[in-house]
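Written below as structure tokens is the structure these notes are about.
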Amino acid sequence: MRHWLPTPFTSVIYRALVAALWEEPLAAVLEYIPLDQIELDKENPRIKKFLEMYGDNPTPMQFYLALGAASGDEDDHSATFQKLKASIQTNKGIVQPIIVNRRNGTLVCVEGNTRVALYRQFREDKVPGPWDTIPGLVYEDMEDEEMDAVRLQVHLVGTRPWDPYSKAKYLTYLRKVKNMPLTWIVEFCGGRTKEVVESIDAFADMETYYRPAVQDGIFDTSRFSGFVELQKPNIKQSIVEAGCDLSDFAAWIRDEKLYPLNTVRLLPRILKHPKAKVEFLKNGKDARHAATFLEQPPVTKALADATLAQLAYALKNSIYSLPWPERDKICKDPGGEAAQTLSEALDALRNLLDVPQETN
């Protein structure tokens with residue numbers, strides 16, 4: 001049975017954006033699609049880097065291997081992939097339809113490549129279940145911009161997000177290959193323009209410097225947040241002023257001299273401090289060790305004896321009552337002692353409360 005449905009996303013914001021970009025909201029047909037009629041999306045930026053080794057016509061099994069590799073970049077993604085596989089097999093099907101685009105008589109999977117690949121594997125392995133057809137929302141002749149909007153909604157701000165590296169790769173593709181306006185991308189992604197630009201710049205630096213640094217080793221995309229930190233004010237400048245370059249930075253990331261990755265923000269202070277710099281650069285120590293040589297503000301007995309709640313209350317009041325010139329001075333010197341100490345305190349609070357950082 002076929003049903004005419006509105007766009008699969010019920011978000012008021014999404015529908016408003018669609019209406020602004022296109023004269024009419026997209027419409028789709030919900031139907032059971034024969035599996036053999038679906039072409040997997042070779043341009044999917046999440047898996048494209050793994051498919052490049054297979055040439056222009058990867059087999060369904062090669063697609064599956066690429067999907068598995070992409071999911072295996074981080075342990076959490078691998079676990080999610082295995083849970084999805086087990087859920088589909090147990091329930092003998094999917095609950096949420098895939099999204100396909102019919103163009104020139106060809107059905108291309110815009111969203112749901114993992115599920116299509118799993119259906120194909122189950123059928124090949126003769127797993128009991130109805131694997132010959134798959135429920136899908138079929139759009140007619142979607143333009144590239146419309147398909148990009150679907151990916152942005154589902155994977156950048158939706159319920160099945162890509163890892164930060166894959167997000168950045170897709171943002172780079174939209175901005176630098178398809179020349180999409182930055183304001184358009186930001187509207188769909190949410191957040192701030194600064195964060196999108198940082199993500200794109202971090203991707204460029206990671207590809208330019210980290211990939212050659214690992215050579216035939218593992219290109220660990222989980223190190224991406226270190227390159228996001230690199231985009232913060234004063235970080236690159238401090239590296240150059242210390243007589244180093246971004247190839248050195250990539251080697252520090254590779255060798256885990258900057259671990260955890262938020263220690264990247266300590267570089268300006270470490271590289272300006274004679275003893276800390278020697279420890280980090282010449283003695284081969286990591287950033288956490290080098291940071292122990294940095295001057296720390298004195299802590300009185302009253303502060304040491306205060307509870308966390310008391311300290312938090314005092315810090316909050318101090319920030320709210322901070323004169324504008326002092327606030328401006330801290331913001332303009334992100335590598336300074338005050339800004340760095342506040343940043344470290346913020347990280348400690350996030351870890352305590354288990355609050356993820358937006359840029360990571």
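The values are calculated or read from the model by the stated rules, or taken from the named source; none is laboratory data. Values in this document were obtained by computation on a predicted structure and should not be read as measured data. In this analysis, Cβ positions are derived from the backbone assuming ideal geometry, glycine residues included, and neighbour counts consider all displayed protein chains.
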(message) Just checking: which of the helices (runs of 4 or more DSSP H) contained wholly in region 249-360 hold 2 or more residues that are under 32 Å from the mean Cα position of the chain (by Cα)?
(response) 267-272, 274-281, 287-291, 308-320, 324-332, 337-353
(request) For region 264-312, name all the residues that are under 20 Å from Asp347 (Cα atoms) and of a type in the set (S, T, N, Q). (result) Thr292, Gln296, Thr307, Gln310
(request) Go through region 334-353 and give me each residue that's of a type in the set (Gly, Ala, Ser) and surrounded by fewer than 13 Cβ atoms within 10 Å (Cβ to Cβ). (result) Ala348
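Does region 201-214 contain any residue that is without any contact (Cβ under 8 Å) to a residue 40 or more places away in the chain, within 25 Å of Ala339 (Cβ to Cβ) and not assigned by TED's automatic domain parsing to the domain that holds Ala149?
Yes, the conditions are met somewhere in region 201-214.
Okay, residues lined up against (1) part of a helix (DSSP H, G or I); (2) under 15 Å from Asp36 (Cα atoms); (3) modelled with pLDDT under 85:
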{"position": "Thr90", "(1), (2), (3)": "yes, no, no"}
{"position": "Val95", "(1), (2), (3)": "no, no, yes"}
{"position": "Arg102", "(1), (2), (3)": "no, yes, no"}
{"position": "Leu107", "(1), (2), (3)": "no, yes, no"}
{"position": "Val110", "(1), (2), (3)": "no, no, no"}
(request) Please find, within region 221-248, the residue that is modelled with the lowest pLDDT out of those that are buried (at least 16 other Cβ atoms within 10 Å of the Cβ) and outside any helix (DSSP H, G or I). (result) Asn234
